[in-house]
1. Taking only Cα atoms, what is the 0 to 90° angle, nearest 10, from helix 251-270's long axis to the longest principal axis of the chain?
2. What accessible area per residue comes out for the chain, rounded to a whole number of Å², with a 1.4 Å probe?
3. If you find the alpha carbon centre of region 87-159 and of region 279-337, how far apart are they in angstrom?
4. Which net charge results when you count Lys and Arg as +1 and Asp and Glu as -1 among the other residues whose beta-carbon is under 15 Å from that of Arg120?
5. So how tilted is helix 294-303 from the main axis of the chain? Cα-based, degrees 0 to 90, rounded to 10.
6. How much FRET efficiency would the formula 1/(1 + (r/R0)^6) give for Thr328 and Asp62, where r is the Cβ-Cβ distance and R0 is 35 Å, rounded to 0.05?
7. Among residues other than Arg272 whose Cβ falls under 10 Å from its Cβ, what is the net charge (Lys/Arg +1, Asp/Glu -1)?
8. Tell me, what is the 1.4 Å probe accessible area of Asp189, in Å² to the nearest 10?
Amino acid sequence: MTDHDLPGALGPSTRAVHAGLPAPAQGEPFLPGPVFASPYHLQGPVDASRFVYQRYGNPTWDRLEAALGELEGGEAVVFASGMAAVSAVVLPLRAGDVLVAPSDGYPGVRAIAREQLEPRGVEVRLVPTDDAAVRAALPGATMVWLESPSNPGLDVVDVAALAGEARAGGAAVVVDNTLAGPLRQRPLDLGADLSVTSASKHLSGHSDLVLGYVAVRDRARADALRAWRGTTGGIPGPFEAWLAHRSLATVAVRLERQEANAAALTGLLGARDDVTDVRWPGVGSVVCFTVQSAGRAQAFLAATRLVAEATSFGGLHSSAERRGRWGTDAVAEGFIRFSTGIEDTADLLTDVAGALDATR
Ligand code: PLP
């Protein structure tokens, strides 16, 4: 927990600015810099309450974890990447466990399920991000993995209702909350046991690091995740953790502008007759749409001036990609996943409209 003594009900910007900062101390910085260490001084018997070796702990992670825990309403454990966080949750599954996971979400969890879990005797049920489909797969499940909104389809499920049903049946409920993030959706409040997020996206937001975390409600799960991290070694670098914490202070204002741009882009695209299947879930920076062919999609991407052709999303520079180029998602050839940045709305719309007109 933070040492910072703050009043109770605070708005999201206030929480993001102050989260995880130490108590004010004369002559000290607001956010102390990263601590770089492999071993720490350790004289005599091992004292597990102190820092001993970086794979087991680092004060820079602790501050970031305090910040993320505050935003999530639980306890956070940071990892080297979103996928290291995903792995820490699903790899401990054992033969006889039954995992329900999205067939249409980020391919990472599916790849782990196929390559690591199924060969070891875990039953994997892949279902689309749809309430009825998830509900039908619940009987006998030991872990239910939801991704809502899903990436890249941006479909949503009723997390609270499904979490309640899944937990009543004895399953642990996990939500990959990367798209919405803790300022827009708090899975633990909705009944999930674990909330998993890639902080490589809008939470850090500057397209300069890869990081992930798991947030949980109970101390025992947090301890188990820390033990897993210490044993398997998927630890974040202190500099990445510090950069993420520094960037977290601006997440609310970045997100507001990104969402204003996403709403405006959705309006522009919806009014055109050369674009179909425009999707935006009302939160986050990701807008998806489809043009008639892979060729048109690539020509559009090449014709924009302000939009970087790149994978990932959530950064303060607008970016987009033809998602089908990876071959991992069931999307149309002309499907574009677009992430709005914090550019001025009018400039972004002019750029996108111009590129669409030029490639019509
Ligand atoms: N979950 C979702 C929904 C994602 O979009 C991603 C990355 O794109 C991940 C997990 C994996 O995160 P990372 O790239 O930080 O390992």
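1. On a 0 to 90 degree scale, this one is about 20.
2. On the way: 15110 Å² over 360 residues.
Per residue, the chain has an accessible area of 42 Å².
3. So the separation of the two Cα centres works out to 25 Å.
4. Details: positive: Arg94, Arg114; negative: Asp97, Glu115, Glu118, Glu123.
After counting each charged neighbour, the total is -2.
5. Computed tilt is about 80 degrees.
6. On the way: r = 35 Å, r/R0 = 1.01.
Taking R0 as 35 Å, the efficiency between Thr328 and Asp62 is 0.50.
7. On the way: positive: Arg360; negative: Asp273, Asp274, Asp357.
Cβ neighbours under 10 Å give a net charge of -2.
8. 100
The values are calculated or read from the model by the stated rules, or taken from the named source; none is laboratory data. Keep in mind that this is a model prediction, so the values were computed, not measured. No Cβ is skipped: glycine too gets one built from the backbone with ideal geometry, and neighbour counts run over all protein chains shown. Accessible surface areas use protein heavy atoms only, side chains included; no ligands, DNA or RNA. Shrake-Rupley method; radii C 1.70, N 1.55, O 1.52, S 1.80 Å.
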